[in-house]
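For reference, the structure is listed below as structure tokens.
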Amino acid sequence: MPRIDTYIWRARIVPAVLAAIPLLTFVVFIADSPIAGLLTPVVGLGAILLGAAEWIRGRGLKTEQRLKRIWDGMPTTAALRHRGERDFAWAPRRLAIEGLSGQRLPTAREEEARPDDSEARYERAVHAAIAKLRSAAPSDTVLASENASYGVRRNTRGIKTQALVVLALATVGHVLLAATAADGWAIGLFVLAIDLAAWLFWTLVVRDVWVREQADKFTDQLFTDLAVFELPPSNGTRQIT
């Protein structure tokens, strides 16, 4: 079985757990025995995680494409373009990306004449630079953590509709069971409190702006890491210092 790294655990599996919590609490609520009440959700959660990881990634990538249209490209790309706002670090960023990726970025004329091709070139160069940084640094760097956090938010936003459907069905089931069971309200009120917290999270927190905030954080960290990426004279290879 392939190793499940930190990124996969956070970016693909955490959204699945968040979406499945209401359904799993429903199973606990209707179970007749403590053992069944604990064992069944654990087994169900394992099945959900194994089956949902790739699907969640696909939903997240579709969401990213939609957000790129809204944002006019990813923040990492916007920070390198000739058009738009520039700051004092614009030229060093471009030099750092070109140096690490080994790819030449579009000129202002190329960007104006072939905007789609230029966007693709920017993205390829950024991805190549990120890959070099990953290969030269430990897997627990701040950049890796920010990247995983972005994956969590992007993929969570990608399954928001499906998660709300699950949450709605679970909430209805919790209310009906609590109303009909003789001693259901004691547990029912606790479960409904979990449902309320889930409703607040999915409706108020999981939004496009939540994803954008983390995309900006990742962008800032990427260019911070690039700024301290040096070429030691001894072996001719780059490393993070």
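The values are calculated or read from the model by the stated rules, or taken from the named source; none is laboratory data. Since this is a predicted model, take the numbers as computed values, not measurements. Please note: Cβ atoms are built from the backbone with ideal geometry, for glycine as well, and neighbour counts cover all protein chains shown. SASA here: full protein model, heavy atoms, side chains in, ligands and nucleic acids out. Shrake-Rupley method; radii C 1.70, N 1.55, O 1.52, S 1.80 Å.
The figures follow:
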{"read-out": "Region 55-72 - phi-based ³J(HN,Hα) in whole Hz, Karplus 6.51/-1.76/1.60, Gly and Pro as x", "value": "4, 5, 4, x, 5, x, 5, 5, 5, 4, 4, 5, 5, 4, 5, 5, 7, 6"}
{"read-out": "Approximate spin-label separation residue 209-residue 127, in nm, with each point projected 7 Å along Cα-to-Cβ", "value": "3.1 nm"}
{"read-out": "Summed side-chain charge close to residue 207 - residues other than residue 207 whose Cβ falls under 14 Å, Lys, Arg +1, Asp, Glu -1", "value": "+4"}
{"read-out": "Sulfur and carbon atoms: percent of accessible area, region 65-145 [1.4 Å]", "value": "54 percent"}
{"read-out": "Total charge dipole magnitude, region 61-213, about the Cα centre, Cβ charges on Lys, Arg, Asp, Glu only, Debye to nearest 20", "value": "440 debye"}
{"read-out": "J(HN,Hα) series, region 79-93, from Karplus relation 6.51 cos²θ - 1.76 cosθ + 1.60, nearest Hz, glycine and proline x", "value": "6, 10, 5, 6, 6, x, 6, 10, 10, 5, 8, 4, 5, x, 4"}
{"read-out": "Backbone HN-Hα couplings from phi across region 156-168 [Karplus 6.51/-1.76/1.60, Hz, Gly and Pro as x]", "value": "5, 5, x, 10, 4, 4, 5, 5, 5, 5, 4, 5, 5"}
